[in-house]
Amino acid sequence: MADLHLYFHGYAALWSRLYAAYPLVPWYALTLYGLLYAATVLTFAVVERLLRPWVPLGQAVVFLVLFFGVAWLEHGFWFNYVRVPVLLAGAGVLFAAQRAPARWAVGVGLLTFGLAWLIRPSAAVLGLLASVPGAWWLARWRTLPVVAGAVSWAALGALWLNLTWSPVEVTFRRLDVLKSNINDYQLYHPQPRTAPDSLALAEVQHWMLSDSTLVNEAFFTRVAPFDVAYFLQQTAPVKLWVLLQQLVRDYFPMLLALLVVAYQVSRLLRVPHRGEFWVVQAGFGGLLLVLGVGLKLPPRVALPLLDFWLLASLIYLCKQARGALGHSVMAVGAVLLLAAVPYGYKTWHRHTVLLQEQRANEAQRHLLLGAANAGQLLVSDGVEPTYKSSSPFTDPVFGSRVKVLSLMGWQTLDPSQPGFRNHLTGTRGFSQALHQLALHSNVRWLLTPKGANLLNRHLRLKHSADSLRVEFRFKRLKVSDLNEVNEYVVRMK
């Protein structure tokens, strides 16, 4: 796929050519891990230079090791592509600000922000926002060129996207947001009143988004308006409690380090601009609150924001404490060291669970793909969930030549899907394509019970007098390791 529309602008076209020429090389993984490594180098270069004048080398090394283990290690083993643009954009801005007004440093900052923006614009802007306080305390007004350049890049890039997107891509973007407002953010209080709307809501909640005659902007406007009172009374309190539990349970070392830095700042005498420090603390807390309650705060966003919060606080402390900085850094390091033991166990346990999940999902996907022979088409809503926790360095299909028509996942909204259905069946419509596939003998239907039930409801609703009525009849596979996925045969009426 040469265009992913919402994300990886430019990267997708490059990768499509590289994979065509060298299909066995994991270009996606190499690119993103390379950029993550670049963000790591830039961040630790900032911290090392910050500590160098005031902290002995041995203490600085110990602090950097603790910071890596507690505040950074998760980015590598609990990988998600969204982490990369947040970290890369923020790290580049801090690096440029620390070396301002050097033009080459500004160039590095703008280059890293640009690369981050191309991955996912909103994530890069979030990284820029999180890095501004630290950049301001590093260089004050000298940080303006890199920040202004990044803001200009984001604004011009957004304008370019809006001018170049086709109507189909604009619709894709809107629907992607609307389905996330239901499935991810729980912003809406859906109230379907008709059978088609009830079916469309069930399909959206199961991430079956292919049929544009059901899942469209009119459906979301009609069925899922934003109810402020319901959100504030029912949804927001639950999300707030989940957010507080998540932060305390998963990131207690970072919270303790922030408290220690705040205490050290409060002990300093005759500190200029102290009000700025407390405003920034409130700002970061408010940002986490708005994201966690208003949208969501998954680990791929939570730790990067906590990283930049702690970095900004350390930058302020380093700039103000100066001669007394060694004691302050030792206090923060001591907290990180004490928290490193329980947090290290938690990290090891999390890594173990993720590795087990990865192996189980890969085994499941191997069985699903192996259930169809080369040249057959596999139609399933059970393949997509098996990609969770997968390593980007592994071949996702294990060299299989089986074609897969996935019935669930955000990519079912992608503008390429009608074209793919047309290639398979000669028709772009989802319901019509299902009817055509039901007539093909080289199609294997591997579905979850919920997916099969939704397809039956869908086809009953779409049935007309001049079309075949199709139902899916359950048939258990001989392979017993497919969990809740079963093979179905098609019965005509």
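A few comments on the model shown:
- Residues of segment 403-426 that are part of a helix (DSSP H, G or I), over 12 Å from TRP207 (Cα atoms) and not β-branched (Val, Ile, Thr): SER416, GLN417, PRO418, GLY419, PHE420, ARG421, ASN422, HIS423, LEU424.
- Note on segment 394-431: residues that are open to solvent by 50 Å² or more (accessible area, probe 1.4 Å) and closer than 29 Å to LYS462 by Cα amount to 7.
- Matching option when the condition is assigned to a helix (DSSP H, G or I) and not hydroxyl-bearing (Ser, Thr, Tyr), among VAL379, VAL329: VAL329
- Scanning segment 427-463 for residues that are under 31 Å from the mean Cα position of the chain (by Cα) and assigned to a loop (DSSP other than H, G, I, E, B) yields ARG428, GLY429, THR448.
- Taking segment 384-393 as the range and being free of Cβ contacts under 8 Å to residues at least 40 places away in the same chain and either over 26 Å from ARG174 (Cα atoms) or surrounded by fewer than 16 Cβ atoms within 10 Å (Cβ to Cβ) (or both) as the test, the residues that pass are THR386, TYR387, LYS388, SER389, SER390.
- Number of positions in segment 155-197 that are under 25 Å from VAL228 (Cα atoms), open to solvent by less than 50 Å² (accessible area, probe 1.4 Å) and assigned to a helix (DSSP H, G or I): 9
- When segment 73-127 is filtered for residues that are farther than 29 Å from SER390 by Cβ, β-branched (Val, Ile, Thr) and open to solvent by less than 10 Å² (accessible area, probe 1.4 Å), only VAL93 remains.
- Of all residue pairs spaced 6 or more apart or on separate chains, those with beta-carbon atoms under 6 Å, a first member in segment 422-440 that is under 18 Å from THR213 (Cα atoms) and modelled with pLDDT of 90 or more and a second member that is open to solvent by less than 20 Å² (accessible area, probe 1.4 Å) and not in a helix (DSSP H, G or I) are PHE430/SER210; PHE430/ASP211.
- Residues in segment 153-188 that are of a type in the set (Ser, Thr, Tyr) and either within 19 Å of GLY10 (Cα to Cα) or modelled with pLDDT under 90 (or both): THR164, SER166.
- Residue match in segment 129-150 (condition: within 30 Å of THR352 (Cα to Cα) and out of contact with any strand residue (DSSP E or B) (no Cβ under 9 Å at 6 or more places or on another chain)): no
- Any hit, segment 303-314, residues being open to solvent by 70 Å² or more (accessible area, probe 1.4 Å) and out of contact with any Asp or Glu (no Cβ under 6 Å at 6 or more places or on another chain): no
- Taken over segment 206-220, residues that are open to solvent by less than 40 Å² (accessible area, probe 1.4 Å) and in a helix (DSSP H, G or I) amount to 2.
- Test set (1) more than 16 Å from LEU310 (Cβ to Cβ); (2) of a type in the set (Val, Ile, Thr); (3) open to solvent by less than 30 Å² (accessible area, probe 1.4 Å) - VAL62 fails condition number: (3)
- Filter result (in contact (Cβ under 8 Å) with a residue 60 or more places away in the chain, part of a helix (DSSP H, G or I), open to solvent by 20 Å² or more (accessible area, probe 1.4 Å) and over 30 Å from VAL170 (Cβ atoms)) within segment 1-29: none
- Taking residues in segment 117-143 that are outside any helix (DSSP H, G or I), and partners anywhere that are at pLDDT 95 or above, the pairs with Cβ atoms closer than 6 Å and at least 6 places apart or on different chains are ARG120/PRO85.
- Taking every residue in segment 466-493 that is part of a strand (DSSP E or B) and pairing it with any residue that is open to solvent by 100 Å² or more (accessible area, probe 1.4 Å) and modelled with pLDDT of 70 or more, at least 6 positions away or on another chain, the pairs with Cβ-Cβ distances below 6 Å are VAL489/ARG473; ARG491/ARG473.
- Options LEU35, LEU51; residue that is open to solvent by less than 50 Å² (accessible area, probe 1.4 Å) and closer than 22 Å to TYR316 by Cβ: LEU51
- Pair list, Cβ < 7 Å and 6+ apart or interchain, from segment 341-367 residues that are open to solvent by 90 Å² or more (accessible area, probe 1.4 Å) to residues that are at pLDDT below 90: HIS366/PHE398
- Failed condition for GLY286, given (1) closer than 21 Å to ASP250 by Cα; (2) in contact (Cβ under 8 Å) with a residue 24 or more places away in the chain: (2)
- Looking only at segment 285-299, and only at residues there that are modelled with pLDDT of 95 or more and open to solvent by 50 Å² or more (accessible area, probe 1.4 Å), the one that is farthest from GLY69 (Cα to Cα): VAL290
- Among the residues listed as ALA195, ALA154, the single one being over 30 Å from ARG460 (Cβ atoms) and of a type in the set (Gly, Ala, Ser): ALA154
- Residues satisfying the stated conditions in segment 5-32, i.e. small (Gly, Ala, Ser) and over 24 Å from PHE113 (Cα atoms): ALA20, ALA21
- Taking the listed residues ALA340, ALA334, ALA321, ALA282, the one that is in a helix (DSSP H, G or I) and modelled with pLDDT of 95 or more is ALA282, with no other qualifying.
- The listed residue being surrounded by 13 or more Cβ atoms within 10 Å (Cβ to Cβ) and under 27 Å from GLY69 (Cβ atoms), out of VAL248, VAL261, VAL271, VAL223: VAL261
The values are calculated or read from the model by the stated rules, or taken from the named source; none is laboratory data. Keep in mind the model is a prediction, meaning the values are calculated, not measured. Please note: Cβ atoms are built from the backbone with ideal geometry, for glycine as well, and neighbour counts cover all protein chains shown. What goes into the accessible areas is simple: the full protein's heavy atoms, side chains included, and nothing from ligands, DNA or RNA. Shrake-Rupley method; radii C 1.70, N 1.55, O 1.52, S 1.80 Å.
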